[in-house]
Amino acid sequence: MSNFFNGLLKLRRGPWEMLATVLIALGVFMLMQPFVLWGFTYSFITTLVGTVMFIIVSHFRE
Amino acid sequence: MSEKTVDRVAGATPVLLARKIKGLSDRAIAWIFVGPTIFLLLAVNIFPLIWTVNLSFTNFKANRINRVVDYVGFSNYERILNDPDVWLSMQATAHFLFWTIFFQVLIGFTLAWLINKKFKGNDVWTTIIVLPMMLSPAVVGNFWTFLYQPQIGLFNYVIGFLSGKDASSFEMLGSVDLAPWSIVIVDTWMWTPFVMLICLAGLRSIPDYIYEAAEVDRASKLRQFFTITIPMVLPFLMLAVLFRGIENFKMFDLVVQLTGGGPGSTTELASIHLKREAFEKWRTGYSSAIAIILFVTVFGLASIYVKALNKVKER
Amino acid sequence: MSYSVTESSSMVKWVAGTLVILYAVITLVPLAWILMTGLKTPPDSISYPPKVLFEPSLEGYVNLFTTRTRVSKETLAALPPPTNFAHEIVRNRGMVIVGPSKFGQRFMNSVIIGFGSTFLSIFLGTLAAYAFSRFKIPMADDLLFFILSTRMMPPIAVAIPIFLMYRNLGLSDTHLGMILLYTAVNISLAVWLLKGFIDEIPREYEEAALIDGYTRFQAFYKVVLPQAATGIASTAIFCLIFSWNEYAFAVLLTSGTAQTAPPFIPTIIGVGGLDWPAVAAGATIFLIPVMVFTIMLRKHLLRGITFGAVRK
Amino acid sequence: MKTLKLAAAGALALSAAAIATPAQADDLTLCWAAWDPANALVELSKEFEASSGHKMSFEFVPWPNFADRILNELNSGGKLCDLLIGDSQWIGGGAENGHYVKLNDFFDKENISMDDFAEATVYAYSTWPKGTPNYYALPAMGDANGWFYRKDWFARDDIRKAFKEKTGRELGEPKTQKELLEIAQFFQGREIDGKTVYGAAIFTERGSEGITMGVTGALYPWGFKYENTPGKYDMEGAVNSPEAVEALEFYKELYKTATPPGYTNAYMGESLDAFKSGQVAMAMNWFAFFPGLYADPITGGDKIDFFVNPPQNNEGSTLGGQGISVIAYSDKQEAALEYIKWFAQPDVQAKWWGLGGYSAHNSVLNDPGFIDSAPFAGDFLLAMQNVQDFWQEPAYAELLIAMQKRMHDYIVADKGTAKEALDLLVADWTEIFKEEGKL
């Protein structure tokens, strides 16, 4: 786990990509879940942030 | 390089062309080769995409050319993301996504595992099983409405025969409870082979020596299945799930032909909802915003997909 | 006798084989039903219980290719005797053939647009794939991802601006417009697949050719292209199948002149409601080429559906 | 030198000829829905081809896709159609968005008077804004939603007796909507000649306009109004009036208790199928189909009879039918106008009716022999006196889609109550008119 945060701090690709992936997955889940309208409302921005992050961090060093 | 060969070759090509080509660096050739593709994609994909983003901030209506178009800021997005009808269409999509992937993985993996037992003639049967997924979803979907007819349809007849119920006592496409399942059934019929093929590739990529080593360690077959087979196939399975997820998230043709979104709005998936807004109500600005939301979602999933692709490629 | 831990016993094989064959048969039933319905008469096609045994008739195919009109008994009686089986079938229903249907034209549109876009995507795709495979292109990975991501776009989402763009350019409902559009969608698959095929051709061949004094172009079309021929052929079939099956763009961007068969087949109507034998006949004619292609492609199938990522 | 001059002169003359001859033969395309009257029009048009030298091509689109495809075509500025027999509700959009050519000058020039056509049809099919003398189409096909039934079943003694026992009334053509329901329920599930039959085939289709056209058949007789004050778009209290709620509940009951199984997405084709296959005692459909139904060898002739949509609180039928328009994007407008001029002639109109098309020309309708010319001719005249149409606004498509959704949700998908469905509809429509800037 500390490796993960270390990687984040040092702008390494692996952990950041993981974070972006989680954000995208969360956004997609929020978009389609049937439980709270609030989740649906904020789903798009979550996915958008995750996607943009993914594009950026995929250029970080391994 | 002897000068002679160069001359010989140059002589064989038309003079002007030869002069041009000789002068080109590899780099220039690379751009000449890639250029047309990039240009086409920019013109037919990226330019329209930017246009869509622009439209999504307006109240433009494509059937009302004479009307003044106003920029409305983020209000289209606000309306969509608070609209219970859109939310419902997303939930219908979720139901469709979840269950199609569930059944396709379950059946697809089982089939792959069975085929991997390498019985005689397995390749012939594999090819036959694959057939449905290569066919036109619209044409096939349309024909399934015939199979689902309560009074004359083969599907209802077979189910009625097996369950002892009257074949016209249930309506796959017409009833609110069954319609979401009717589209799951057809999609599963069509796309299980896809998951099967990828799982099969995964199973075949496991080298025999791993099992042999496990056998030496006296691991049981069941244990081998869970500690070797499943983990080794998992990246492939991920690939299949992501791809089916993306495809079914934007599902249109099959379901439009099957239910058209009905009854009521029970099977109105995201794409169908978008089509109604864009090409029936002609709310171009509003529907552009929905398009962008769908696009960003697919794009996000696609990024993960490509990452998974590369991972599998390395195997 | 050699013993292998990965080789299953004959009992297991037998069970596995039976289950797989059972599934294959079930999965084939809807397709077989399309074939059969195409050969039924309209009353047979809607009988209950569904008829498995029936007297085959070409009425569906006749209805698919003709338009007919109902005439009175007197007119019918006054007509000269039918010249061929098609006229006879139609007259037995109290109607006469008044002309060909639109199916032939729609089918030709599918052929023109399918082959046109396939040719263009293969042409452009091969060039691009070669460049990606052999040259150092800055940000190649990003470009490749960009190319692939265009394939992932939901067609309906892209259709809105394309509709507007085509309206302004006068490309709506034209063959050229549809060819360009399908090419743009197919090219991503073409580039990814072909890059894989070209990667597999050893560089040494070209390098030898270059040393022999070939130019890059010559090395490309005299050495690489012949080597990649199989790959190009199977990529072409994949592109063709996509354009052949495509529905969303076709239904939204075409209405008459350039409309392909998939939006048309579901709208074949008979005397009232859908004429199921004609629909099934159209579907049969439309699906069979793809079935043949699928069988031809079986070795490359996986590669094609995973953008070349999975080789086996 | 001389030859060159000659050639040049020849070329000039040729190009001049090409411009100056309006009578050159054109290939005209007429777009309409694919149904019986369209085939009759093909037959009728042969005469035009012979007299004018133009060639006619036809693009007939099946009803479920008709609006989608043709409106798509118009909105993309396509040149597929030169002439269009477009649905009545499209007139607002066709006029305001410049799809249709305005015909006033042409009518004046050719002495075509709109007074020669039945008033209701001119109002519904030709004018925009509604009721003003601005004409964008010539009434081509009068139509309304009506009913037909199995006359042979209604006449059978055993059935009549059973009906009398059950209801205390004689079995006959229903005089009110509620009688219609009663008869339909009586037939539902009954054995006739060893076959289970059902009450009535009605419209429930979701995709295009089906359920709206069906349900308005109940709404109008109950006194449904789109607005409290015409032209004000004040729908609260009109669209969701207690009468409208009652009518909607009525239609749902009709659907739930008196239609064949699997009848969740049915429109014209399904209704015809159900009737022709002997499944139902009664069915609703457009008058346009009645000639074909009457001619049907199995269920036509003396086995069928027709009646106008029964009244409840007042008379009322749902309007169908279309006018014929010239498309503004066509390159062959001259030839297209020629067609309209030819079509408007009284003798052509008489032939049109004879072939199974519903002429809207007074010379045909007021002819003393008209009522006896077909068993449904009298009903047709009656229906056309009390027709109402859906919104014809430029935003008609949105208004219709909203209604389709709310009606199907309530009637077929069992969502909410009738009042809720209509309240939601008022909200949808209000939003649409706000967007239009009309509220």
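Values for this structure:
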| quantity | calculated |
| --- | --- |
| Gap separating the Cα centres of segment D:160-216 and segment B:74-89, nearest whole Å | 41 |
| Placed amide H near D:Tyr198: partners under 5 Å, 5+ positions off or other chain | D:Gly189, D:Val280, D:Ala281 |
| Relative contact order, percent, segment D:295-373 [alpha-carbon distance under 8 Å, six or more residues apart] | 12 |
| Burial ranking of peptide ranges D:177-184, C:71-78 (average Cβ count within 10 Å, highest at the top) | D:177-184, C:71-78 |
| Exposure proxy order (Cβ contacts within 10 Å, fewest to most) of C:Leu169, D:Leu41 | C:Leu169, D:Leu41 |
| Cα-centred dipole magnitude for segment C:185-312, charges only on beta-carbon of K, R (+1) and D, E (-1), debye, nearest 20 | 240 |
| Farthest positive-ward along the protein assembly as shown dipole, Cα basis, beta-carbon charges - from D:Gly357, A:Val28, D:Gly207 | A:Val28 |
| Within a Gaussian network of chain D (alpha carbon springs, distance under 10 Å), most fluctuating of D:Ser317, D:Ser208, D:Ser52 | D:Ser52 |
| Cα-based convex hull volume of segment C:214-312 per residue, rounded to whole Å³ | 156 |
| Dipole magnitude of the protein assembly as shown about its Cα centre (Cβ charges: Lys, Arg +1; Asp, Glu -1), debye to nearest 20 | 4780 |
| For residues of B:59-72, the mean tally of beta carbons on other chains within 10 Å | 4 |
| Most fluctuating residue given options D:Phe287, D:Phe306, D:Phe163, as computed from a GNM of chain D linking Cα atoms under 10 Å | D:Phe163 |
| Extended-chain gain in nm, criterion 0.36 nm per residue less alpha-carbon gap, D:Lys195 and D:Glu49 | 47.7 nm |
| Inter-label distance, nm, simple model (7 Å from Cα along the C-beta direction), B:Asp123/A:Glu62 | 3.6 |
| Proxy reagent accessibility, fewest Cβ within 10 Å first, across B:His95, D:His408 | B:His95, D:His408 |
| Residues B:Val139, D:Val308, B:Val184, C:Val52 arranged by fewest to most Cβ contacts within 10 Å | C:Val52, B:Val184, D:Val308, B:Val139 |
| Cross-link pairs D:Lys161/D:Lys256; B:Lys281/D:Lys415; D:Lys46/D:Lys276 - those with Cα-Cα distance over 27 Å | D:Lys46/D:Lys276 |
| Rounded if a/c under 1.5, otherwise prolate or oblate - the protein assembly as shown, Cα gyration tensor axes | prolate |
| Per-residue mean of C-beta atoms belonging to partner chains within 10 Å, peptide D:85-95 | 0 |
| Inter-chain Cβ neighbour average for residues D:398-410, partner chain, 10 Å | 3 |
| Residue-span extension gain [D:Glu334 to D:Lys256] - 0.36 nm each, minus C-alpha spacing | 22.9 nm |
| Ordering of D:429-438, D:265-274, D:367-376, C:149-158 by packing [mean C-beta count within 10 Å, highest first] | D:265-274, C:149-158, D:429-438, D:367-376 |
| Zone of C:Tyr205's modelled label, taken as backbone nitrogen in segment C:108-133 under 20 Å from a point 7 Å along Cα→Cβ | C:122-133 |
| Max mean-square fluctuation residue, GNM over chain B, Cα-Cα springs under 10 Å, options B:Pro137, B:Pro36, B:Pro207 | B:Pro36 |
| Rounded if a/c under 1.5, otherwise prolate or oblate - segment B:75-314, Cα gyration tensor axes | oblate |
| Simple spin-label estimate for D:Thr167 and C:Asn92 in nanometres, 7 Å along Cα-Cβ | 4.2 |
| Euclidean distance of C-alpha centroids, segment C:218-255 and segment B:198-229, integer Å | 38 |
| Euclidean distance between Cα centres, segment D:389-415 to segment B:109-123, Å | 51 |
| Positive-pole candidate from B:Ile50, D:Tyr294, C:Ile237, dipole of the protein assembly as shown, charges at beta carbon | C:Ile237 |
| For segment B:75-314, size of Cβ-based charge dipole, Lys and Arg +1, Asp and Glu -1, in debye | 540 |
| Options C:Met165, C:Phe123, C:Phe145, ranked by Cα towards positive dipole end of segment C:103-226, top entry (Cβ charges) | C:Met165 |
| Distance-filtered residues of segment C:28-51 - backbone nitrogen under 18 Å, label point 7 angstrom along D:Lys303 Cα→Cβ | C:42-44, C:46-48 |
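Coordinate-derived values only; no laboratory data. Everything numeric here is computed off the predicted structure, so don't read it as measured data. Here Cβ is always computed from backbone atoms with ideal geometry, including for glycine, and neighbour counts include all displayed protein chains.
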